[in-house]
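Read through the structure below, which is laid out as structure tokens, and then see the notes.
Please treat every number below as a calculation from the coordinates, not as lab data. Note that the structure is a prediction, hence the values are computed from the model and not measured. Cβ placement follows ideal geometry from the backbone for every residue including glycine, while neighbour counts extend to all protein chains displayed.
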Amino acid sequence: MSVVLRNLSSEGALVEGANLPIEGSATVFKRNELAVEGRVIWVAGRYAGIAFNRQLEPAELLRQVPRPRQKFDQQFRRPGLTCKPLSPSDRQMLEMWAASAPVTRPGD
């Protein structure tokens with residue numbers, strides 16, 4: 001039976017799928033080269049929890065975790081020194097704001 005692995009730990013796994021076995025069923029969890037016996041300890045809808053009969057070694061567990069993929073190319077650039085021209089409405093708002101701002105002098 002094929003399932004989607006949702007979570008994996010050294011003691012068990014959370015899987016999602018259709019037509020899952022009932023609670024208490026013996027199973028063999030297989031992923032890549034890993035094969036470990038266990039039993040289904042709970043089922044809720046499309047999800048099931050599997051408890052392994054033995055604890056996985058850290059190296060076994062880490063081999064099952066895919067390397068994260070970089071989602072975007074990082075580009076480190078300085079911001080540009082020029083800006084876009086103001087729209088007429090932006091210019092009007094800036095002029096109104098500048099005209100209403102109080103004048104301050106150093107030391108006031």
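The table for this structure:
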| item | result |
| --- | --- |
| Check: region 4-63 dipole with +1 on Lys, Arg Cβ and -1 on Asp, Glu Cβ, in debye | 140 debye |
| Calculated log₁₀ intensity ratio I(q)/I(0) where the Debye formula runs over C-alpha points of the chain, q = 0.10, 0.16 Å⁻¹ | -0.52, -0.85 |
| Residue among 88, 100, 15 farthest towards the positive dipole end of the chain, charges placed on Cβ | 88 |
| Using alpha-carbon coordinates, inclination of helix 88-100 to the longest axis of the chain, degrees | 60 degrees |
| Label-point gap, in nm, between residue 83 and residue 35 - each point 7 angstrom along Cα→Cβ | 6.7 nm |
| Sequence-distant residues sharing a close amide H with residue 27 (under 5 Å, placed H) | 38, 39, 40 |
| Over the chain: helical MRE at 222 nm, DSSP H runs n ≥ 4 each giving -39500 (n - 2.57), nearest 500 | -5000 deg cm²/dmol |
| Dipole magnitude (debye, nearest 20) for the chain, charges at Cβ of Lys, Arg, Asp, Glu | 380 debye |
| Restricting region 24-108 to GluC sites (Glu not before Pro) in coil, as DSSP defines it, with at most 15 other Cβ within 10 Å | 33 |
| Pair residue 22, residue 9: separation of 7 Å Cα→Cβ label points (nm) | 2.7 nm |
| Distant alpha-carbon pairs in region 4-63 (separation over 14 angstrom), percent | 51 percent |
